[in-house]
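These notes concern the structure reproduced below.
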Amino acid sequence: MATGLLLGSLINYFAADQAIIQNYFVNGIFHVIGSAFINALKMLVVPLVTFSLICGVCGIGDIKALGRVGLKSFLLYLLTTGLAITLALVVAITLAPGKDFIQQQTSSEFITKPAPALTDIFINLIPSNPVAAFAQGNMLQIIFFVILFSIAMLMTGEIGRQLADTAEKLNEVMMKVVTLVMDFAPIGVFCLMAKTFSEQGLALIVPMIGYFSVVILCLLLHALGTFSVLLAFFAKLNPLIFFTKMRPAHIFAFSTASSNATIPVTLYALEKRIGVNNTTAAFTVPLGATINMDGTAIMQGVATVFIANVYQIDLDISQYLTIVGMSILASIGTAGVPGVGLIMLAMVFNQVGLPVEGIGLILGVDRLLDMMRTVVNITGDAMVTCIVARGENTIDDIVFNDPEAGSLLDIHLPHKTPE
Ligand code: ASP
């Protein structure tokens, strides 16, 4: 990751107009390998979530417990997003980024795509055609259908049990596919970083330094502060160990800027390294990757205050409360793919009457912030998973405290064949 970042920045600085480097490396090798790697990750998501969720629901075993896990994780996701946006607003109002911002040119690059209507978000939870939902990778619809299907499996007794056994085997095999793809991670991550940074020069940040640093400050405060406190109090886990164990998932989230593409690695980290049982993680991780976006909510809070300052618009308390509510809803509606947070920001701006073209100002630095907020997004999912797992007694402290558990090095060890 560091080598890619360095090489990309050097290319951006010294070789931005060297056709050979641009054609053969940036848009050649880096682009091809990086995109192929992201495809390989995305390839895992739908089958892994499907088998894993079937095992999870069948493992929980009774519908009441399933409802409890569902409700708990849903409420915790809303709560942590609410905390994130509140923190972002308080810090941004205090530090007031954009107060003395000189608007050199207002970029008109940002063309607003219509944000989905709120009612549609709820209606579209239910797939009119599950096959289409699977084909398009629509996570919320897939989750809805698979949960319903798994509940039906529980209700059909022996037949369902046999199917669950098969799903368990398929899940085991899919986990193996995850580790195979992860073998290529160093090369894939290097190419992704080199490509992004050769296009996104760090110089872009300079005029936006105020906005940029307030977002990063809030992301850090939320991840290291809020998450640590919640982890220590409610999950009774050492936050330091938790963050260390989450490192592979952080690297993937940072280099792909997609919570969805990171699902396989988040699941791997939670189950194999942190010790959360599949019955909890299989349910909370895909749900979190789809509806829980603390990092995105933070960006939206700071962006709203920043744009209001730049355009010298005073927001009152009711508008701030609207921002909190809208960001929580936007977080539910934001798919875990790169850049969607910015599209959903248009919805927040419309609601409080800020000029949507203001988004053009922050567009340039959004990719970098997207990478960072995605790390916070998936860390929030994992943190809530740990709290729910503690409540359900589905976390294994021995695995959590074992520094070697789920070590990626395991993957490279040849399996001993019985003599
Ligand atoms: N890239 C973010 C994610 O996948 C969503 C966003 O903020 O655009 O989690």
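The values are calculated or read from the model by the stated rules, or taken from the named source; none is laboratory data. From a predicted model like this one, the values you see are computed outputs, not experimental measurements. Heads up, the Cβs are rebuilt from the backbone with ideal geometry, glycines too, and the neighbour counts pull from every protein chain shown. Just so you know, the surface numbers come from the protein's heavy atoms only, side chains and all, with ligands and any DNA or RNA stripped out. Shrake-Rupley method; radii C 1.70, N 1.55, O 1.52, S 1.80 Å.
Quick notes
- When the stretch 149-182 is filtered for residues that are open to solvent by less than 70 Å² (accessible area, probe 1.4 Å) and within 17 Å of residue 267 (Cβ to Cβ), the ones remaining, listed by number, are 150, 167, 171, 174, 175, 177, 178, 179, 181, 182.
- Looking only at the stretch 317-341, residues that are open to solvent by 10 Å² or more (accessible area, probe 1.4 Å), under 20 Å from residue 91 (Cβ atoms) and not β-branched (Val, Ile, Thr) come to 5 in all.
- For the stretch 349-375, the tally of residues that are modelled with pLDDT of 90 or more, hydrophobic (A, V, I, L, M, F, W, C) and within 16 Å of residue 214 (Cα to Cα) stands at 3.
- Helices (runs of 4 or more DSSP H) wholly inside the stretch 1-109 containing at least 1 residues that are under 30 Å from residue 168 (Cβ atoms) and open to solvent by less than 40 Å² (accessible area, probe 1.4 Å): 31-60, 63-95
- Test: residue in the stretch 211-226 that is at pLDDT 95 or above, touching a strand residue (DSSP E or B) at 6+ places or on another chain (Cβ under 9 Å) and crowded, with 16+ Cβ neighbours inside 10 Å: no
- Among (1) modelled with pLDDT under 95; (2) more than 16 Å from the ligand (Cβ to nearest atom) - the single one residue 386 does not satisfy: (1)
- So residue 301, is it closer than 28 Å to residue 92 by Cβ, in a helix (DSSP H, G or I), out of contact with any Lys or Arg (no Cβ under 6 Å at 6 or more places or on another chain) and within 16 Å of the ligand (Cβ to nearest atom): yes
- Identity of the residue in the stretch 380-400, in contact with a Phe, Trp or Tyr (Cβ under 9 Å, 6 or more places away or on another chain) and of a type in the set (D, E, K, R), that ends up most open to solvent (accessible area, probe 1.4 Å): 390
- Of the residues making up the stretch 370-379, one or more are within 16 Å of the ligand (Cβ to nearest atom), under 28 Å from residue 206 (Cα atoms) and open to solvent by 40 Å² or more (accessible area, probe 1.4 Å).
- Annotation note: Cβ proximity below 7 Å between a residue of the stretch 366-382 that is farther than 20 Å from residue 332 by Cβ and a residue that is among the polar types (S, T, N, Q) and part of a helix (DSSP H, G or I) (sequence gap 6+ or interchain) occurs for 367/196.
- Selection of first residues in the stretch 327-346 that are on the phi > 0 side of the Ramachandran plot and of second residues that are part of a loop (DSSP other than H, G, I, E, B), restricted to Cβ pairs under 8 Å at least 6 apart or on distinct chains, gives the following pairs, ordered by first then second residue: 339/257.
- Qualifying residue in the stretch 349-360 (condition: within 14 Å of the ligand (Cβ to nearest atom), buried (at least 20 other Cβ atoms within 10 Å of the Cβ) and farther than 25 Å from residue 230 by Cβ): yes
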